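Coordinate-derived values only; no laboratory data. Since we're looking at a predicted model, the values are computed, not measured. When we count neighbours, we look across all protein chains shown, and the Cβ atoms used for this are built from the backbone with ideal geometry, even at glycine.
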Amino acid sequence: MVSINLLLAFLPVWTWHQWFLALHTPYRYGRLIGNLIGKYLYRPYPVLRNPKYSGEDVTVLIPTITDDMEELRPHFLSILATHIHQLILVTTDNRKAKLLNFAEDLADPRIQVHSVPIANKRTQLAAVIPTVQTAISILVDDDVTWTRTILPWLLAPFEHPRNGSVGVGMAAIRIRSSPLFTRCINFLGAVYLERRNFEGAATLTLDGGISCMSGRTNALRTCILQDEAFLDAFCHEKFNGIPLATGDDKMITRWLVQKGWGMYVQYHPEAQLLTTLESGFKFLYQCQRWAGSSWRGNYKTLFVESNPWAVCKKQPWTFYAKYIAVFTSMGLITDPLTWYCYYQIRSLLDPTSIWAGNSGWVLMFLLYLFTKTIKLESLFRAHPRDLGFLPVSILFGLFHGLIKMKAFCKDKGWLSR
């Protein structure tokens with residue numbers, strides 16, 4: 001009790017507005033500053049002149065339940081153009097005939113078609129993983145387009161024997177000629193992917209951590225996937241007693257961490273994949289699914305399969321910037337509260353300070369704008385016209401707080417389907 005009273009005696013007598021700004025500002029924006037440092041120090045694995053692995057060592061696995069086969073054509077052709085050994089497609093029994101006809105039309109002997117009774121990504125993948133005969137398996141979504149140069153970059157980190165999984169940077173296929181609402185949604189999807197690239201590069205650089213290897217394109221050593229213990233855990237994961245259909249990429253990431261495998265993501269223009277995202281209001285359901293998978297996966301990492309101290313000790317920056325942030329980042333509440341607290345303390349400021357008077361409001365606005373745009377610097381350099389959508393991004397960032405709240409209570413399945 002004496003020590004507490006002694007501590008309180010040295011603390012300044014502040015209003016709660018001052019305490020909020022003093023504690024929240026470094027907690028939130030320290031993460032941004034650290035991520036900026038990590039992002040700009042990041043370097044990809046180089047492609048060797050005589051690499052250990054080539055396309056002949058690669059099998060690509062794509063689960064799909066689409067009924068529009070022509071939508072798949074450009075994606076599949078881009079993957080086949082990289083000279084992989086085999087492309088295995090797995091769909092549902094009622095779609096198999098249509099997919100077989102489509103595969104015959106592509107006329108590539110490297111394509112195999114399989115099916116399962118019920119649409120479930122985990123079940124679909126588990127059905128074909130045992131058939132893979134190459135050293136590297138790449139799990140790919142059916143809406144992904146590869147660049148011709150992507151494969152050597154995907155394989156380069158496997159030169160290190162402890163790297164078990166490799167991903168690449170992602171960008172959205174942009175829509176420029178549709179109605180304004182569609183273009184706004186498309187921009188928000190591009191923002192999501194750009195932020196993910198930014199944060200992933202930062203955590204990888206600062207402590208080697210990554211909270212989720214994206215399922216859009218995830219290259220893994222086949223021996224990891226064909227482990228019977230992995231397949232059993234992959235197909236029977238539950239949360240609160242309910243089987244999970246989503247979050248397969250989170251589950252794979254946690255498995256790799258538990259087994260001591262290294263992971264890396266290649267952020268390089270020649271290694272970037274292009275992907276489509278949901279349009280219209282389906283995008284909101286997709287965001288809800290992402291949010292639900294994030295908080296459930298992080299909760300399991302911190303409290304079920306490990307403990308906060310062990311995770312923090314191993315990957316302190318990823319613990320702070322990713323695992324904890326998913327529970328504490330709520331701009332819908334903290335952004336308005338920050339502005340309100342600043343308004344309340346203005347009368348306590350030195351009148352000669354630049355934070356007093358109108359200059360203070362200008363500085364607050366410029367700092368706020370900086371924090372909302374710096375993560376998207378690469379996106380705006382590549383697409384300058386996207387600056388016109390910046391207000392949409394800021395407003396959606398606030399609205400996303402509601403989506404996160406809803407995801408806490410719902411979303412065990414594929415709401416965007």
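How long is the gain from Ile374 to Leu348 if the chain were fully straight, where each residue apart is worth 0.36 nm and the alpha carbon distance is subtracted? Intermediate results must be reported in sequence, preceding the final value.
On the way: separation 26, 0.36 × 26 = 9.36 nm, distance 3.08 nm.
Length gained between Ile374 and Leu348: 6.3 nm.
Here the extension length gained between His160 and Leu180 equals 2.5 nm, from 0.36 nm per residue of separation less the Cα-Cα distance. With θ taken as phi - 60° and the Karplus curve 6.51 cos²θ - 1.76 cosθ + 1.60 applied, the whole-hertz 3J(HN,Hα) list for segment 395-400 is 5, 5, x, 6, 4, 4 Hz, x standing for glycine and proline. Projecting the alpha carbon convex hull of the chain along each direction and taking the average yields 24.0 nm².
Amide H contacts under 5 Å for Val168: Gln266, restricted to partners 5 or more places along the chain or on a different chain, H placed in the peptide plane at 1.01 Å from N.
So how strong a dipole does the chain carry about its Cα centre when Lys and Arg Cβ are +1 and Asp and Glu Cβ are -1, to the nearest 20 debye?
Working: 43 positive and 31 negative charges, 176 e Å.
That gives the chain a dipole magnitude of about 840 debye.
Please compare each pair in Lys52/Lys313; Lys322/Lys404; Lys39/Lys121; Lys375/Lys406 to a cut-off of 22 Å on the Cα-Cα distance and tell me which ones are over it. Listed pairs above 22 Å: Lys52/Lys313; Lys39/Lys121; Lys375/Lys406. 3J(HN,Hα) couplings calculated from phi for segment 248-263 with the Karplus curve 6.51 cos²θ - 1.76 cosθ + 1.60 (θ = phi - 60°) are, in sequence order, 4, 5, 5, 4, 4, 4, 5, 4, 4, 5, 4, 8, x, 7, x, 9 Hz; Gly and Pro show x. Compared with the dominant principal axis of the Cα atoms in the chain, helix 69-80 is inclined by about 90°.
Using a simple spin-label model with pseudo-atoms 7 Å out from Cα toward Cβ, Ala81 and Val362 lie 5.0 nm apart. To the nearest 10 degrees, how steeply does helix 331-345 sit against the main Cα axis of the chain, on a 0 to 90 scale? Compared with the principal axis, the helix lies near 20 degrees. Label-to-label distance for Ala233 and Lys314 is 1.0 nm, based on points extended 7 Å past Cα in the beta-carbon direction. Comparing Ala97, Ala201, Ala382 in a Gaussian network model of the chain, where Cα atoms under 10 Å apart are tied by springs, the biggest mean-square fluctuation is seen for Ala382.
Which residue fluctuates most in the GNM of the chain (Cα springs below 10 Å): Leu23, Leu106, Leu256? Highest fluctuation of the listed residues: Leu23.
For Ser214, the amide hydrogen comes within under 5 Å of no other amide hydrogen, counting only partners 5 or more places away or on other chains and with H modelled in the peptide plane.
Taking Ala233, Ala126, Ala171 in turn, the Gaussian network model of the chain (Cα-Cα springs below 10 Å) assigns the largest fluctuation to Ala233.
In plain terms, the residue of Lys259, Lys121, Lys96 with the fewest other Cβ atoms within 10 Å comes first and the most crowded comes last, giving Lys259, Lys96, Lys121. Toward the positive end of the charge dipole of the chain, with +1 on the Cβ of Lys and Arg and -1 on the Cβ of Asp and Glu, the farthest Cα among Leu379, Thr25, Leu87 is that of Thr25. Residues in segment 131-137 carry Karplus couplings, in order, of 7, 5, 10, 9, 6, 10, 10 Hz; the curve used is 6.51 cos²θ - 1.76 cosθ + 1.60 with θ = phi - 60°, and Gly or Pro positions show x.
If R0 is taken as 51 Å, the Cβ-Cβ distance between Gln133 and Ser306 corresponds to a FRET efficiency of 0.90. Here's the picture: charge each Lys and Arg Cβ at +1 and each Asp and Glu Cβ at -1 in the chain, and of Thr59, Asn307, Trp255 the one pushed furthest to the positive end of that dipole is Asn307. Spin-label model, Lys282/Glu56: points 7 Å from Cα along the beta carbon direction are separated by 4.1 nm.
Here's how it looks for Val116: its modeled amide H is under 5 Å from those of Thr91, Thr92, Asp93, which are all 5 or more places away or on a different chain. Selection among Tyr340, Val265, Asn50 by position relative to the dipole of the chain gives Tyr340 as farthest towards the positive end (Cβ unit charges, Cα centre). Each DSSP beta bridge with both residues in the chain is either parallel or antiparallel, and the antiparallel ones are about 30%.
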